[in-house]
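Q: Before anything else, here's the structure in question.
Rule-based calculations on the coordinates, nothing more; no lab input. Please read these numbers as outputs of a predicted model, since none were measured by experiment. Note: ideal-geometry Cβ built from the backbone for every residue, glycine included; neighbour counts use all protein chains shown.
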Amino acid sequence: MDSEPSRIAFNMDSIEKLRVLFERFPGIGPRQATRFVQFLLRSSPSLRREIATEIQKLGNNVKQCTECRRFFAGIGEQCTICKSPQRNDALLLIVTSDADVETIERSGNYNGKYFVLGGLLSFGDTNPLPNQKQLMKLLTAKKTIEEIIIAVPANPEGDNTEQFLRSLFASSKHPISAKVATLGRGLSTGSEIEYADAQTIKDALENRR
Ligand SMILES: [Zn+2]
């Protein structure tokens, strides 16, 4: 390890505390958490201030879109995707998380709307999905939706969630006439949309069935 003179000036407790906090981020282990802390220690005070300010602002001006349940910062009740007249209202892509929306948007291969489930269902899970009520409300209220594409990860939890959603749509009090498709499994088993590249997403969308 290289020498780190800047560390001496810092309280070890706050270094340790920050490392533990970073470890709580999804997919971040102790080594990555340590790298984040080391990066911050070497960063300029102005960058650290900017990061701290933006994190603080999250609680103040970020809200959940009333339509897709994605978190966004801005004015109004709906995010820019839901508000956009350029988006195709006939397609609704159901994803697990906000990160999935970002990955698919970056791929540039999709022009419909989204809905964020906020979680998946494990086997034997009797709790509803986090945003289940809002999803059913949206599906029964929006008559423009012609196709629902379920885009959950190709793993047991994803499969279970997909089956649950399909039976939920089929047993809805208010009939859902939209066609229900699942993302093609160009995505290898166990892989998550969040980490897929643009071509994989394109293939998975094209091969939906
Ligand atoms: Zn939205």
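Q: Could you state the angle between the C-alpha long axis of helix 12-23 and the longest principal axis of the C-alpha atoms of the chain, as a value from 0 to 90 degrees rounded to the nearest 10?
A: Between helix and principal axis, roughly 20 degrees.
Q: Now for a separate question. Using a/c under 1.5 as the rounded threshold, could you call the range 1-148 rounded, prolate or oblate? The axes a ≥ b ≥ c are square roots of the C-alpha gyration tensor eigenvalues, and prolate needs a/b larger than b/c, oblate otherwise. Numbers along the way, then the final one.
A: Details: a/c = 2.75, a/b = 2.10, b/c = 1.31.
Here the range 1-148 falls in the prolate category.
Q: OK, next. Restricting to Cα pairs below 8 Å that are 6+ residues apart, what does the relative contact order work out to for the range 55-144? Please round to a whole percent.
A: 24 percent
Q: Just to confirm my numbers, what's the Cα centroid distance between the range 33-48 and the range 69-106 in Å?
A: 31 Å
Q: If you don't mind, another one. Under the definition of Cα pairs under 8 Å and six or more residues apart, what whole-number percent is the relative contact order of the chain? Write down the numbers at each step before the final one.
A: Values: 269 pairs, mean separation 32.3, N = 209.
Normalised by residue count, the contact order of the chain is 15 percent.
Q: For the range 47-139, state which chymotrypsin sites (Phe, Trp or Tyr not before Pro) are in a DSSP loop and have at most 15 other beta carbons lying within 10 Å of their beta carbon. Don't skip to the answer; put the middle values down first.
A: Numbers: sites: Phe71, Phe72, Tyr110, Tyr114, Phe115, Phe123; in loops: Tyr110, Phe123.
Passing sites in the range 47-139 are Phe123.
Q: Need one word for the range 91-209: rounded, prolate or oblate. Basis is the Cα gyration tensor (sqrt eigenvalues a ≥ b ≥ c); a/c below 1.5 gives rounded, then a/b vs b/c decides. Could you put the intermediate results ahead of the total?
A: Details: a/c = 1.74, a/b = 1.27, b/c = 1.37.
Here the range 91-209 falls in the oblate category.
Q: Relative to the longest principal axis of the C-alpha atoms of the chain, give the angle of the C-alpha long axis of helix 156-170, reported between 0 and 90° and rounded to the nearest 10°.
A: Computed tilt is about 40 degrees.
Q: Along the range 59-71, what does the Karplus equation 6.51 cos²θ - 1.76 cosθ + 1.60 (θ = phi - 60°) give for ³J(HN,Hα), rounded to whole Hz, x for Gly and Pro?
A: My calculation for the range 59-71 gives x, 8, 10, 9, 9, 9, 4, 6, 9, 9, 6, 7, 7 Hz in order.
Q: Return the lysines within reach of Lys63: Cα separation strictly under 26 angstrom, same-chain partners fewer than 8 residues apart disregarded; answer none if there are no such residues.
A: Lys83, Lys113, Lys133, Lys137, Lys142, Lys143
Q: Let me know the shape class of the range 26-74, please: from the alpha-carbon gyration tensor, a ≥ b ≥ c as square roots of the eigenvalues, rounded when a/c is under 1.5, otherwise prolate if a/b is greater than b/c, or oblate. Can you show the working numbers first?
A: Working: a/c = 4.71, a/b = 1.64, b/c = 2.87.
In terms of gyration-tensor shape, oblate.
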